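Okay, so here's the structure we're looking at.
The values are calculated or read from the model by the stated rules, or taken from the named source; none is laboratory data. For clarity, every value in this text was computed on a predicted model and none was experimentally measured. Here the Cβ positions follow ideal geometry from the backbone for every residue, glycine too, while neighbour counts run over all protein chains shown. Ligands, DNA and RNA are excluded from the accessible area calculation, which covers all protein heavy atoms including side chains. Shrake-Rupley method; radii C 1.70, N 1.55, O 1.52, S 1.80 Å.
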Amino acid sequence: MKTPEPKKLPSGSWFCRLRLGGQSIPITARSRTECKRIAEQKKSEYRAITGKIKKPVKDVTLADSMRMYINAYEATLSPATIRGYNVYQRTRFPKYRNMKVSEIDYQKMIDDDLKLVSEKTVKNAWGLAHASLKYIGYPPPNVRLAQVPINEIAFLQPNEIKKFCKAVEGRSYEIPSLLLLQGMRLSEVRALDWKNVDLKKETLTIRGANVKGEDGYVLKQTNKNKTSTRIVPILIPQLKTALKKVEKKEGLVTTLSPSVLLRDVKRACERANITVVTCHGLRHSFASLCYHLRDKVSERQCMQWGGWSSPDVMHKIYIRLAASDESEAKNAVKSFFT
């Protein structure tokens, strides 16, 4: 099992691709040496696990198959993803995780776990198990999953947005709140550096994300997807004013913890007597505002500002009809019949 020689990419990073257990594993690093070191580490981990098992694929336990999969892709997965996978590997399918993959009744395993946790948790855990079985070369069976209920995230109506802006004005959390309100993800807000804020051009360069890993929060250099890295205008005049007032413009724009920011956002909503939303609810509010202004803001423009990868994502998850828009539509249909 020879380690492939890393190649330098146009971006300056180094890249190589391993093949372990019939699977292709891409590895990217900042230097040739680091790239080769990670590849060797993955090979060692794979050998350690397969050597320890010393069994045919059908005799590998479900927990071991998950561990092999996580170890193989650790170098390319988000710290937050790895953290979630490790939780699933340690806790899900308790009656079956130490059984051989060939001896498990997978439908019963799914049904038993649904008695313990939510439909979404089971679906996510099965996604890891499915990928892990494929990774070790064991054909994953077809199973029936319970339908995951749609999580209706509260958002601000257009007539509530200005009230929210007034409620956060001059507060320590004004800047991060308004960044969320103009479509940024919480992880992007917490990764925003002053060097990416251009007050003359009135733009923000959104690059990187601050996500929770196994050992606390980690600053990633890359975003969730290709469209997440973007340059957007400062859309809220109040945000530009607040940014200008900051004296020390270096390092991260905000260092507020997610839990403190969430608390403050909810309190601001309560103080303004408007819909109580979460940090992610502010991002939903931005998408719904763009829909409300659809005669002036195109869907493509909204996608670019918010960093959404496809219209499907916006339509299925983010774009929500404002009450006023729904009322107008209802009256238009009624008037047709009168």
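Quick rundown of the values:
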| read-out | value |
| --- | --- |
| Complete set of residues in segment 57-78 that are open to solvent by 30 Å² or more (accessible area, probe 1.4 Å) and outside any loop (DSSP other than H, G, I, E, B) | VAL57, LYS58, ASP64, ARG67, TYR69, TYR73 |
| Residue in segment 331-338 that is at pLDDT below 90, touching a helix residue (DSSP H, G or I) at 6+ places or on another chain (Cβ under 8 Å), more than 21 Å from GLU188 (Cβ to Cβ) and not in a helix (DSSP H, G or I) present | no |
| Residues within segment 118-132 that are modelled with pLDDT under 95 and aliphatic (A, V, I, L, M), tallied | 1 |
| Residue count, segment 101-124 (criterion: open to solvent by 20 Å² or more (accessible area, probe 1.4 Å) and either charged (D, E, K, R) or closer than 13 Å to ARG144 by Cα (or both)) | 11 |
| Flag for LEU179 being assigned to a helix (DSSP H, G or I) and within 23 Å of GLU250 (Cα to Cα) | yes |
| Restricting segment 231-272 to residues that are over 19 Å from LEU186 (Cα atoms), free of Cβ contacts under 8 Å to residues at least 12 places away in the same chain and not in a helix (DSSP H, G or I), the residue that is most open to solvent (accessible area, probe 1.4 Å) | GLU247 |
| Segment 134-159, residues that are over 24 Å from the mean Cα position of the chain (by Cα) and crowded, with 20+ Cβ neighbours inside 10 Å | ILE136 |
| Count of segment 94-128 residues which are more than 24 Å from the chain's Cα centre (by Cα) and assigned to a loop (DSSP other than H, G, I, E, B) | 10 |
| Those residues of segment 96-115 which are over 16 Å from SER65 (Cβ atoms) and basic (Lys, Arg), in sequence order | LYS108, LYS115 |
